[in-house]
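Visitor: Questions regarding the structure given below will be posed in turn.
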Amino acid sequence: MTKEEIILASQEFLFPAVFHYYKDPLVIARAKDQFVYDADGNQYLDFFGGILTISVGHCNERVNAKVHQQIDRLEHVSTVFPTEPQAALAKRLAEIAPGNVRQSFFTNSGTEANETAILAARCYTGSDEIIALRHSYHGRSGLAMGLTGNANWRLAGALQPGIIHTANAYCYRCPFGLTYPECDVQCARDLEDVIRSSTSGHVAGIIAEPIQGVGGFITPPREYFQIVAEIVRRHGGIFISDEVQTAWGRTGGKWWGIEQYLVTPDIITSAKGLGNGLPIGVTIATPEVAASLKGATISTFGGNPVATTAAKAVIDLIEEENLMANAAETGAYLREKLDELWEKHALIGEVRGMGLMQAIELVRDRKTKEPAVEETAQLMEAARQNRLLVGKGGIFGNVIRISPPLNIRKADVDEFARSLDASLAQCSTLHAAAR
Ligand code: PMP
């Protein structure tokens, strides 16, 4: 098919809700390491890392060699038969998961991982009431959309009983109008009042992303989750860390984002970067929580031998190549470059994130913080022209998300910074002309 035929067929035969980045959609034909190539053979630097899925580079040879072997040996049997790839991955996850979080249930996506986690929390506590955060994203099933605190991703029908949204730690736009640290982390402490006023007082738990991904890499202060976890546990609930974006070393130096906050969760959910592009979701829980799911449950493709082989190869590679340390070190270098761009371009209101999960929030005016929505769309287009791919996010759609593969080097960051700088300059010129 030509690229025009691909675009036309996508428009005619896919749900219109399947949206594409860019006015003129970019058809990707192939990818290798940190680069993707369009249908005309143009090379782009992928600083979105798929969509935080490509942890160790596109079509990683070491991972794919194992995938190729596995796909010819055993492709599928379902979870009613034990297989070595699934067992080996579960054992490996138990080794790297924090605290007593050590039993896995495999599915195919982050949405399903969260469905399983909420079910487990409800079974374990005997309560239906779940706390989620504003600006969160937890997936696209009915329940997951109900958990999601971002109206852009809550389609009609997403209303779910038993879910209460509490304040997130969006310091740049503090919901209480306060400033950290004088605020005494009011956004976390407010949960006490939310539980008192809006629940039965006995809750199933809280689900939270350590850094809110789709929300625009909103990065809470260090105390936030300790305060929140203590309040939830005092009211009978458990702590679910949605690590669909923050796991696998992305935040630098640690396997899990929640470890940066010194909280040990009862359940971790993840997906995305675990398979380096192959579909896999996982819910990892303490044995007590896992045992509360009485009776049998099945996921036809969950624990698929090919996906679990890829996942274990990804984890092994991250460890062998010390990529968690690289995420910290190269992430710090990336942050320096972004801070320099903040000095130079007034369009950037804030730089935030951890490790190789960094974002810039764009504003029309640094004082009023009016979201620069159109400018963000223009910046996406300009970056594409400069052969750079980044992600978009934030409740207003004014955040650029930067999440390259964990094995990029400083030279890649230099190239990225040059392209982003040029793209920002193009946007600023457009602005000046429009005024
Ligand atoms: N949780 C988080 C934090 C996510 O970012 C996502 C995906 N963007 C999901 C859950 C849902 O994952 P999936 O799209 O694989 O269902």
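A short reminder: the numbers here are calculations on the coordinates, not readings from a lab. Remember, it's a predicted structure, so these values are computed and weren't measured experimentally. In this analysis, Cβ positions are derived from the backbone assuming ideal geometry, glycine residues included, and neighbour counts consider all displayed protein chains.
Visitor: Pairs under 6 Å by beta carbon, first residue touching a residue at least 24 places away in the same chain (Cβ under 8 Å) in region 271-286, partner of a type in the set (Asp, Glu) and away from the ligand (no atom under 12 Å from the Cβ), six or more apart or different chains?
Guide: Between residues of region 271-286 that are touching a residue at least 24 places away in the same chain (Cβ under 8 Å) and residues that are of a type in the set (Asp, Glu) and away from the ligand (no atom under 12 Å from the Cβ), the close pairs are THR286/ASP266.
Visitor: What tally of residues in region 131-146 results from selecting those that are touching a helix residue (DSSP H, G or I) at 6+ places or on another chain (Cβ under 8 Å), within 14 Å of the ligand (Cβ to nearest atom) and under 22 Å from GLU192 (Cα atoms)?
Guide: Here the count works out to 2.
Visitor: Considering region 118-170 alone, what residues qualify as being part of a strand (DSSP E or B) and either hydroxyl-bearing (Ser, Thr, Tyr) or within 20 Å of the chain's Cα centre (by Cα) (or both)?
Guide: ILE131, ALA132, LEU133, HIS165, THR166
Visitor: Follow-up question, since we're still on this one. Restricting to region 156-181, and then to whatever is free of Cβ contacts under 8 Å to residues at least 24 places away in the same chain and over 24 Å from GLU370 (Cα atoms), can you tell me which residue is surrounded by the fewest Cβ atoms within 10 Å (Cβ to Cβ)?
Guide: Once the filter is applied, the top-ranked residue is ALA156.
Visitor: OK, next. Going by what's in this entry, would SER141 be described as without any contact (Cβ under 8 Å) to a residue 40 or more places away in the chain, more than 18 Å from THR111 (Cβ to Cβ) and polar (S, T, N, Q)?
Guide: In short, no.
Visitor: Residues THR300, THR286, THR269: which one is touching an Asp or Glu at 6+ places or on another chain (Cβ under 7 Å), of a type outside the set (A, V, I, L, M) and surrounded by fewer than 24 Cβ atoms within 10 Å (Cβ to Cβ)?
Guide: It is THR286.
Visitor: Then there is this: Based on what the data block shows, is ILE318 closer than 21 Å to ASN60 by Cβ and β-branched (Val, Ile, Thr)?
Guide: When the stated conditions are applied, ILE318 passes them.
Visitor: I've got another one for you. Go through region 209-248 and count every residue that is within 16 Å of the ligand (Cβ to nearest atom) and touching a residue at least 60 places away in the same chain (Cβ under 8 Å).
Guide: Residues that pass the stated criteria total 16.
Visitor: Let me ask another. Please specify each residue of region 372-388 satisfying the condition of being surrounded by fewer than 21 Cβ atoms within 10 Å (Cβ to Cβ) and outside any helix (DSSP H, G or I).
Guide: Passing the criteria: ASN386, ARG387.
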